[in-house]
1. On the basis of being among the basic types (Lys, Arg), touching a Pro at 6+ places or on another chain (Cβ under 8 Å) and either without any contact (Cβ under 8 Å) to a residue 40 or more places away in the chain or more than 7 Å from every other protein chain (Cβ to nearest Cβ) (or both), does B:LYS289 make the cut?
2. Only one residue in B:LEU163, B:LEU116, B:LEU154 is over 23 Å from A:PHE94 (Cα atoms) and among the aliphatic types (A, V, I, L, M), so which one is that?
3. Search the range B:95-137 for residues being at positive phi and either part of a loop (DSSP other than H, G, I, E, B) or in contact with a Pro (Cβ under 8 Å, 6 or more places away or on another chain) (or both), and hand back the single one that is surrounded by the most Cβ atoms within 10 Å (Cβ to Cβ).
4. Can you confirm whether B:SER236 is touching a His at 6+ places or on another chain (Cβ under 6 Å), more than 9 Å from chain A (Cβ to nearest Cβ) and under 29 Å from A:PRO11 (Cβ atoms)?
5. Say whether the condition of being crowded, with 24+ Cβ neighbours inside 10 Å, at the interface with another protein chain (Cβ under 7 Å from one of its Cβ atoms), in contact (Cβ under 8 Å) with a residue 24 or more places away in the chain and over 27 Å from B:ILE198 (Cβ atoms) is met by at least one residue in the range A:144-157.
6. Output the number of residues of the range B:298-322 satisfying the condition of being assigned to a helix (DSSP H, G or I), within 28 Å of B:THR254 (Cα to Cα) and over 26 Å from the mean Cα position of the chain (by Cα).
7. Could you tell me which residue of the range B:122-136 is nearest to the other protein chains (Cβ to nearest Cβ), considering only residues that are without any contact (Cβ under 8 Å) to a residue 60 or more places away in the chain and under 13 Å from A:ASN121 (Cβ atoms)?
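The values are calculated or read from the model by the stated rules, or taken from the named source; none is laboratory data. Please read these numbers as outputs of a predicted model, since none were measured by experiment. Cβ: placed from backbone, ideal geometry, glycine included. Neighbour counts: every protein chain shown.
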Amino acid sequence: MKILVCITHVPDTTSKIQFTDNDTKFDKSGVQFIIGPYDDYALARAVELKDALGASLTVLNVGEADTEPTLRKALAIGADDAIRVNAFPTDALFVARQIAAIAKENSYDLILMGRESIDFNGGMVHGMVGELLGMPSISPVMKLDVEGETVKMAREIEGGKEYLEAKLPLIAGCQEPIAEWKIPNMRGIMSARTKPLNVVEAVDSEVATDVTAFKLPPAKGSVKLVDKDNVEELVKLLKNEAKVL
Amino acid sequence: MSILVYIEHAEGSVKKTSLEAVSFGKALADKTSGGEVIALALGSISDEALAIAGTAGASKVMHVADGNLDAGVIQAHADAVAQVYKQVGANTLVLSKSSLGDAVAARLAVKLDAGLVSNVVDLPDTTGGYKVKRSIYTGKAFAETTVNKDHKILAVKKNAVDLLTNGPEATVEKVSLSIADENFAAKITSTDKAEGEILLPEADVVVSGGRGMKGPENWGMIEELAKELGAATGCSKPVSDIGWRPHHEHVGQTGVKVAPTLYLAVGISGAIQHLAGVNSSKYIVVINKDPEAPFFKAADYGIVGDAFEVLPKLIEAVKAIK
């Protein structure tokens, strides 16, 4: 069995978001980049499946050379090899076309990724890859077990979950609590240095959508504090000032 | 040309977030001379329940009353929407962001060769090209996105436009489609869903509790306040991690992102990951005994005080204004 996990290279969740070049570029200064938290769940589940089923595990990122430390971290966590598609990920369809091209070449049985990236939050790439490859795409998946050719999953829906079954091959966008995040150990970190990281060029894709400017939300005004012995005042403010009650 | 709005329903009614998407479609049509606004519903639901889409701005509702579509099988829904989209000659598809909507929209972008923008927070600017404002970095910023395709799909965030309620009821037109078996390859075997509750991602008011509530046995107060306010209940990540509350109530960066009119947080310090899930709320109220809690910096109103003292008084005060 062959598993592919697609990961994003995104700012740490505590990062202060700022832009440069007249609000057209993300300001990377002082920002630490990580494996996308949802992708990290997908990777953790994939490592468990690899160990349980004796599968091979490849990680993929569409990005420029500066994403390689993130791919090395995924190798340290337990992937066997890595592929970097050498291109700036312009939009979801572009990334999906790159993943689909690699997947066609290598015929993976299971393609996992996060439910969404935490930079652009689109949550579209898994569905687009599914449509491009003619496979089911299930997201957001919070539980995934492989039994022979059958994959049993739980998918989060508003107010609960639904349980699904499908045959391999398929694509899943993952989220907690599918597995616990794995922290690389020393042996993993050492072996990651020598695991293969192949760089391939991107396939052509049109630009369906592109970001022309960024904007920060307006600064929040200061909080209006109400005394704890005068709770009625809060209700009055919500009713008469905010007009939300 | 027309605008097709994919609407979802639950427990026999069209979801409010879907009605907002209809109103978004109507506002878009008015702004761009975009023609007719057609709502599309899949699966079993009554005509009376669907007619309400007219009040939100649809000129008619198309209904594929196929019981096989009752369960939200992603591929099957995508296939059905694509067929109707082509049938009516639409050039824009609008839908509300949701667990099913997101998954369906992504497949449709490929099927319809369309430019898809998600987390849309405002009507597109069409003065030069087609620019859409969307929320990114989990609500910490916005991106102006230019769509270069003739066909557009807009997945709209809650509260992007005001819900219209004054239109005439729409007529419902039945459509029958043939959906190939391969679209049902993923089978939904069962669902486990809270019935009759106000659902967190769709709620106008949310009351959330954090570790400051000290234990699951104290959630009665959160639930009582929520009931008085007609609110959904939420919680912080540590609370769902230790199992005090179910995972689908976890609000934050890796949980549910809410966009209510009023978000009320009790005993939550306001870690940046929690704020990422609530920063689209119109008003935020924070109750915390620690005056240094970072949540106060993101709040509109606050009370520095012990939850166990403040909540009972707050419940009484809310009852008193009813």
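1. Details: among the basic types (Lys, Arg): yes; touching a Pro at 6+ places or on another chain (Cβ under 8 Å): no; either without any contact (Cβ under 8 Å) to a residue 40 or more places away in the chain or more than 7 Å from every other protein chain (Cβ to nearest Cβ) (or both): yes.
No, not satisfied.
2. Details: B:LEU116 fails: over 23 Å from A:PHE94 (Cα atoms); B:LEU154 fails: over 23 Å from A:PHE94 (Cα atoms).
None of the other options fit; the residue is B:LEU163.
3. Filtering the range B:95-137 for residues that are at positive phi and either part of a loop (DSSP other than H, G, I, E, B) or in contact with a Pro (Cβ under 8 Å, 6 or more places away or on another chain) (or both), the one surrounded by the most Cβ atoms within 10 Å (Cβ to Cβ) comes out as B:TYR137.
4. On the way: touching a His at 6+ places or on another chain (Cβ under 6 Å): yes; more than 9 Å from chain A (Cβ to nearest Cβ): yes; under 29 Å from A:PRO11 (Cβ atoms): yes.
Yes.
5. Looking through the range A:144-157, none of the residues is crowded, with 24+ Cβ neighbours inside 10 Å, at the interface with another protein chain (Cβ under 7 Å from one of its Cβ atoms), in contact (Cβ under 8 Å) with a residue 24 or more places away in the chain and over 27 Å from B:ILE198 (Cβ atoms).
6. Our first condition is that a residue be assigned to a helix (DSSP H, G or I); within the range B:298-322, this holds for B:298, B:307-320.
Subsequent filtering for residues that are within 28 Å of B:THR254 (Cα to Cα) retains B:298, B:307, B:311.
In the following step, the residues that additionally are over 26 Å from the mean Cα position of the chain (by Cα) were identified as B:307, B:311.
Qualifying residue count for the region: 2.
7. Here is the first cut: in the range B:122-136, the ones without any contact (Cβ under 8 Å) to a residue 60 or more places away in the chain are B:122, B:125, B:127-134, B:136.
With under 13 Å from A:ASN121 (Cβ atoms) added as a condition, the list becomes B:134, B:136.
On the way: B:ARG134: 8, B:ILE136: 5 Å.
Ranking the qualifying residues of the range B:122-136, first place goes to B:ILE136.
For (1) in the same structural domain as B:LEU100 (by TED's automatic domain parsing); (2) closer than 26 Å to A:ILE178 by Cα; (3) modelled with pLDDT under 95, each residue gets a yes or a no:
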| residue | (1), (2), (3) |
| --- | --- |
| B:ASP192 | no, yes, yes |
| B:ASP204 | no, no, yes |
| B:ARG211 | no, yes, no |
| B:LYS214 | no, no, no |
| B:ALA226 | no, no, no |
| B:VAL251 | no, yes, no |
